[in-house]
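Each value in this text was obtained by applying a stated rule to the coordinates, not by laboratory testing. It should be emphasised that the depicted structure is a prediction, and the values quoted were computed from it without experimental measurement. All Cβ positions, even for glycine, are placed from backbone atoms using ideal geometry, and neighbour counts span all protein chains on display.
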Amino acid sequence: MGELTIELGAVLLLALGLKGLAKIRTARTANGLAALALALAVVGLLAQQGLAGWPWMLGGLAVGGGLGALLAFRVAMTSMPETVALFNGCGGVSSLLVALGAVQLPGGLNLLGQVSVLVSVLVGAITCSGSLVAVGKLKEWIGTPTWTLRPQRHAINILMAVACLVCCGLALKGFALALVPLTVLSLLLGVGLTLPVGGADMPVVISLLNSYSGVAAAAAGFVVGSELLIVAGAMVGAAGLILTQVMCTAMNRSLTSVLFGGALGVAGPTVAGSEGKETYTNVTSCSPEECALTLEAAERVVFVPGYGLAVAQAQHSLKELARLLEQHGVAVSYAIHPVAGRMPGHMNVLLAEADVPYDQLVEMDVINPDFPRTDVVIVLGANDVVNPRAKSDPASPLYGMPVLEVDQARSVFVVKRSLGSGYAGIRNDLFELPQTSMVFGDAKQVLQGLIQNLRELGVGKVPVASGKAS
Amino acid sequence: MSGHLGLSEALWVLLLGSLLGLELIGKVPPTLHTPLMSGANAISGITLLAALTLISQAASPALRAVGAVALGFALFNVVGGFLVTDRMLAMFRRKEST
């Protein structure tokens, strides 16, 4: 009876944890509650089944937990999306191995157990290889090979899926060896499904794979007969699905077009490379000095931070520049696109790391009407999210994606290393507008140049109006 | 252990668990998408329970080794996932208290 109490307590804590994670105020405590729930579940299980095989348990615990903790502490905030994907892939591997191992258990499995093994292998393997592809894409180790965008890929994926089902059928008929081709085919299917998805859509895929790993866990729960595992797996599976939907809405993408549309909805050969850097003609560039002069005279400045800012580790310099401008009486805010960074909410995390006040981060829908009365917009390492083509050109792959309307502002400075295309590989008309100037260079160096130039102009020496310090 | 769970009970548990999951996540501010995904991901590492069961019921050292590896992967997911989520959320917390 004691074990049952522990199990029920664990489920309750998990539910509270998952619910609390969706609110800023409670999120951190909720995360702790969920962790506690898992610890409780382990204690409950060990109390029930005893400690047979404890050296193996200790080994897995120490190595896995140790490596996980090590990675968690060392990884940079910028590479959070791929880290989550990696963790998720490992969860998939775990379900896969448990299912393959359970087949060998003495006593055998009933039909329910057998079906669950198959589901666990299939979903676990897809989660694993799909997550690894996602990691590779986010790290930009692998791109989107053009052959994966041909329509034939759907036929190949369907063939693989059918072959998987055939293997499942054979396995149920008693051919245990069919599990081997099933594993291989499922792994390939995971690759086949994720490889054509464009890098910008990867967060949605990770979220969906996260939901899958919940399903795989629930299936593993059926295999070993653990209600707790079924409940927790089902909860994560369903919650992951909702979160995927919420993220799709935030990015104005439909789940089907993410999964089956290829890189940003175009399956043609136009995506990669054909719109190269050399096509820009009327680009004006300027030095940090000129930019500083414009800033000095501005009343309202909006920063648009993007992934490039985070890569250059320039959050702290940006914060310093903003402080300087505020002391000078300039109203400063940050425009946050829903998918700024590599994942919804990623940029908020990065700016929070640099101590940027919460209330200065303004979401897209709120700040868009304000751009016409903004003096200066500084775009830092963002590209696709400020591309006016998303509004004007129905032929553009970006068309329909909500963007920050920075082209409405009086002057725009785009800080960028070069005229290279953005993450989605699409030409940006903003760079050619008359009010736009490019400031070429590393975001951090440019920002420090701006700070230095502003100081030379006397900004920040005499504190102007007080009361902006909050 | 695998004996005591009948098909209908198991399916009920599955159904109710799914409904609970659907109900718990309603509106999520975009700020929390990343941490929530990471936290939910850590919870899905709960397959570690199945790995523990596998180890305890296994008859051969080879099978125990499979269970241990599965346990290792699951714990990598759980420990890493919760810690990384905490690191992200700690940054928001600091903002609120000031």
**Item:** Distant-in-sequence amide H partners of residue A:378 (H built 1.01 Å from N, under 5 Å)
**Value:** A:302, A:303, A:304, A:413
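What ranking, highest mean first, results for peptides A:212-218, A:109-115, A:290-296, A:346-352 when packing means the other Cβ atoms within 10 Å averaged over each residue? Walk me through the numbers on the way to the answer.
Working: A:212-218: 32.6, A:109-115: 16.6, A:290-296: 18.4, A:346-352: 26.1.
Top of the packing list down: A:212-218, A:346-352, A:290-296, A:109-115.
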**Alpha-carbon centroids, the stretch A:316-373 and the stretch A:211-261: separation in whole Å** = 32
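Across peptide A:68-81, how many C-beta atoms of other chains are within 10 Å of each residue C-beta, on average?
Working: counts 15, 7, 4, 5, 12, 4, 0, 4, 0, 5, 0, 0, 8, 3.
Per residue, the number of nearby Cβ atoms from other chains is 5 on average.
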**Fill in**
With label points set 7 Å from each Cα along the Cα-to-Cβ direction at residue A:70 and residue A:359, the distance between them in nm comes to 4.5
**Message:** Taking θ = phi - 60°, what integer Hz values does the Karplus form 6.51 cos²θ - 1.76 cosθ + 1.60 yield along the stretch A:321-332, in sequence order, with x for Gly and Pro?
**Reply:** 4, 4, 4, 4, 5, 5, 4, 8, x, 8, 7, 10
**Prompt:** Roughly speaking, what is the centre-to-centre gap between the stretch A:1-67 and the stretch B:31-64 when only Cα atoms are used, to the nearest Å?
**Reply:** 10
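What does the highest-first list of A:360-368, A:191-199 look like by mean Cβ count within 10 Å?
Working: A:360-368: 16.3, A:191-199: 22.1.
Sorting A:360-368, A:191-199 by mean packing, highest first, produces A:191-199, A:360-368.
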**Complete:** Computed on Cα atoms, the radius of gyration and Dmax of the protein assembly as shown in angstrom are 25.5, 83
**Request:** Could you state the angle between the C-alpha long axis of helix B:61-97 and the longest principal axis of the C-alpha atoms of chain B, as a value from 0 to 90 degrees rounded to the nearest 10?
**Result:** 10
**Item:** Neighbour-count order for A:90, A:286, fewest beta carbons within 10 angstrom listed first
**Value:** A:286, A:90
**Prompt:** Taking Cα atoms, how many degrees apart are the long axis of helix A:202-224 and the longest axis of chain A, rounded to 10 and kept between 0 and 90?
**Reply:** 20
**Request:** Note the full-extension length gain between residue A:173 and residue A:25 as 0.36 nm times their separation in residues minus their Cα-Cα distance, in nm to one decimal.
**Result:** 48.0 nm
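Sort A:227-239, A:6-18, B:25-37, A:172-184 by the packing proxy (mean of other Cβ within 10 Å over each peptide's residues), most packed first.
Details: A:227-239: 28.2, A:6-18: 20.8, B:25-37: 22.7, A:172-184: 14.2.
The densest-packed peptide leads the list: A:227-239, B:25-37, A:6-18, A:172-184.
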**Request:** Just tell me how shielded A:34-44 is by partners: mean number of partner chain Cβ atoms within 10 Å of each residue's Cβ, no decimals.
**Result:** 4
